[in-house]
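Undergrad: Have a look at the structure that comes next, please.
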Amino acid sequence: MIAITRYRVPAADADGFAERMTAVLAALARSTGFRSGRLARTVDEPGLWALVTEWDGAGHYRRALGAYEVRLEFMPLAAFAVDEPGAYEIVHSLPR
């Protein structure tokens, strides 16, 4: 499964956001079931960011979000999150 969380970040907070969200990504990467992750920023609207992670399953993703180390890093950034569903089941995938 993949998880996509989008964030609206004011320009004044962008540098700190990137650094802190990279710490969140590193904490998630240490979780069981983590496959990959990326922090991205839109080209056309620099205030819109996305954290995209891939997991062995939704249970792994949810347990990772509940881990103390992840919550400690992630919760201060949650205020920037866009309120929308973010967990997606992969329906079809093509190899590279």
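The values are calculated or read from the model by the stated rules, or taken from the named source; none is laboratory data. Values in this document were obtained by computation on a predicted structure and should not be read as measured data. In this analysis, Cβ positions are derived from the backbone assuming ideal geometry, glycine residues included, and neighbour counts consider all displayed protein chains. Please note that ligands, DNA and RNA were not included when accessible areas were found on the heavy atoms of the full protein model with its side chains. Shrake-Rupley method; radii C 1.70, N 1.55, O 1.52, S 1.80 Å.
Undergrad: Quote to one decimal, in nm, the extra length available between Tyr88 and Ala67 on full extension: 0.36 nm per residue of separation minus the C-alpha distance between them.
TA: Result for the pair: 5.5 nm of gain on full extension.
Undergrad: Just the accessible area per residue of the chain, please: how many Å² with a 1.4 Å probe?
TA: I get 65 Å² per residue for the chain.
Undergrad: Under 12 Å from the Cβ of Met75, count the other residues' Cβ atoms, weight Lys and Arg +1, Asp and Glu -1, and hand me the total.
TA: 0
Undergrad: Once the other residues with Cβ under 13 Å from the Cβ of Ser93 are scored (Lys, Arg +1; Asp, Glu -1), what is the net sum?
TA: 0
Undergrad: What label, among (i) 1.18; (ii) 1.14; (iii) 1.07, belongs to Cα Rg over 2.2 N^0.38 Å computed from the structure on display?
TA: Computed from these coordinates, Cα Rg over 2.2 N^0.38 Å corresponds to label (iii).
Undergrad: For Ile2, Ile90, give the ranking by accessible area with the largest first, probe 1.4 Å.
TA: Ile90, Ile2
Undergrad: With θ taken as phi - 60° and the coefficients 6.51, -1.76 and 1.60, list the Karplus ³J(HN,Hα) couplings across the range 24-35 in order, rounded to whole Hz; mark glycine and proline as x.
TA: For the range 24-35, the Karplus-derived couplings read 4, 4, 5, 5, 5, 4, 7, 8, 4, x, 6, 10 Hz, x marking Gly and Pro.
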